[in-house]
Amino acid sequence: MASTSKALVVVFAVAGLLTGGHAHGKDHAASVFDVTEYGAAPSNRDNKDAFLAAWRAACGSTAVNSTLLFPKGGTFAAGSVRFEGPCPNGGAPAVVIDGVLQPCAVGGGGGCRLSDDAWITFTGLNNLVVTGAGTLDGQGQGSHHRSGNKAKPKTTTTLLFDGVTNSTLSGLRLVNSRGFHVNLRRCTVITASGLSIHAPAASRNTDGVHVAFSSHVRVLDSAIGTGDDCVSVGPGSADVLVSGVACGPGHGISVGSLGGGEEEEEEVRGVVVRNCTVKGTTNGVRIKTWPGSPPGAASNITFEDIAMDAVDNPVIIDQRYCPHGRCAGAGDKPSLVQISEVTFRRIEGTSTTPMAVRLLCSEERPCTGVRIDGINLTCGDVPCRYELSNVRGPVVPAPAPGPGVRQEEEEEEADVASGGNEQLGQFTWWLVPFTVRG
């Protein structure tokens, strides 16, 4: 709640800045640098040079508060653009996007270029605020499924924060990215809140918010529906909170994928996903690692107070993750990412398949310290089932068995943690306390 209040204060402060008027060549207590005053115009031509001219003026301003403004009332096109720091005052201008931004047409003349990495990048900045009521339209619709086009479509991230600290991103609408919508990479102390992110359900690799090599990140109170993960927490991440996210369509909220690169820093620790809703997705809450991955670790991860609505795989650990058959011959090799201290708590709602809980861990690095508590899922007209593979130790601290469970049944159930596929019901209530309704 404190993070949300802080974000609101920042938005109001930025709104106050916009009453200070435009300063072109002057410094005032509060100066607004409107991109249209530097040559930007609503059109299909590349406005990159005008954007950068306005940025240099705002970043170099000695004003107490400076603002880079993309005004409402028009659609501004631009090729890939990097807003770089540090700024001379050690901070950064507030960036207010009230208009619509979209990539210019590559190959349409004018020298427009779109990077394979990112379209809009903020890098090397401290105390950055990016906000507004505008839209970043990645124009990715159709690029993911072009028939007869032999060229691989670009998977360009719409908005990249790279090496940014103590900063906020709020209020914006991001649609139809060609790749990730938001990528927080090598960042520290970032809050992303109040975002609206949407792309077609069939669009690959269009994660809503991706976090990697970053720490102390908050993703709050946002509506995200894409063709991939609503939120993905990648390698090198620590102390990440995802709260108040409405997810769907897409692939759910994930830690991973991990182990996809030989040189990745594979440790992920301290992730909390809570108070989220997941609707109409292929997965609910998930941890995923590639087979044949290098050594790594994912630990201290909690998923709690999650509402599921028509989700295919509500609770899943998948250490055999291999989408689209892209395992490069490693499909039969175990993942070496050690998963430990994972909690799934108070997860309710509906599954579209009978397999409500699937924990498929590595045979080389079995999962340890997995806790399941208060799972309350229905699976249509059939009983919900679970599948456990290579999960070491009891899944939960076991209460005393009920009077209808014999000792040999207890012993058999204790082995399920290392491999099994069982129907949930009275027999498994002792080990895994699910509430299962027909």
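Counting residues in the range 141-155 that are among the basic types (Lys, Arg), in a strand (DSSP E or B) and either at pLDDT below 95 or within 25 Å of residue 214 (Cα to Cα) (or both) gives zero.
Yes/no matrix, rows are residues, columns are (1) modelled with pLDDT under 95; (2) touching a Gly at 6+ places or on another chain (Cβ under 8 Å); (3) surrounded by fewer than 18 Cβ atoms within 10 Å (Cβ to Cβ); (4) among the polar types (S, T, N, Q):
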residue	(1), (2), (3), (4)
192	no, no, no, no
205	yes, yes, no, yes
212	no, yes, no, no
220	no, yes, no, no
237	no, no, no, yes
240	no, yes, no, no
268	no, yes, no, no
276	no, yes, no, no
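Of all residues in the range 226-267, those that are in a loop (DSSP other than H, G, I, E, B), within 14 Å of residue 306 (Cβ to Cβ) and within 9 Å of the chain's Cα centre (by Cα) total 1. Test of understanding: among 252, 284, 259, 280, which residue is crowded, with 24+ Cβ neighbours inside 10 Å and in contact with a Pro (Cβ under 6 Å, 6 or more places away or on another chain)? Within the list 252, 284, 259, 280, the selection yields 284. All conditions in (1) under 16 Å from residue 375 (Cβ atoms); (2) within 17 Å of the chain's Cα centre (by Cα) hold for residue 308, with the sole exception of (2). Restricting to the range 35-64, count the residues that are surrounded by fewer than 21 Cβ atoms within 10 Å (Cβ to Cβ), outside any helix (DSSP H, G or I) and touching a Pro at 6+ places or on another chain (Cβ under 8 Å). Residues flagged as surrounded by fewer than 21 Cβ atoms within 10 Å (Cβ to Cβ), outside any helix (DSSP H, G or I) and touching a Pro at 6+ places or on another chain (Cβ under 8 Å) within the range 35-64 amount to 2.
The set of residues from the range 295-331 being at pLDDT below 90 and within 18 Å of residue 258 (Cβ to Cβ) comprises 322, 323, 324, 326, 327, 328, 330, 331. You will find that of 378, 368, 428, the residue that is under 26 Å from residue 281 (Cβ atoms) and at pLDDT 95 or above is 378 and no other.
The values are calculated or read from the model by the stated rules, or taken from the named source; none is laboratory data. Treat the numbers as computed from the prediction; the structure is a model and nothing was measured. Cβ coordinates were reconstructed from backbone atoms using ideal geometry, including for glycine residues, and neighbour counts include every protein chain displayed.
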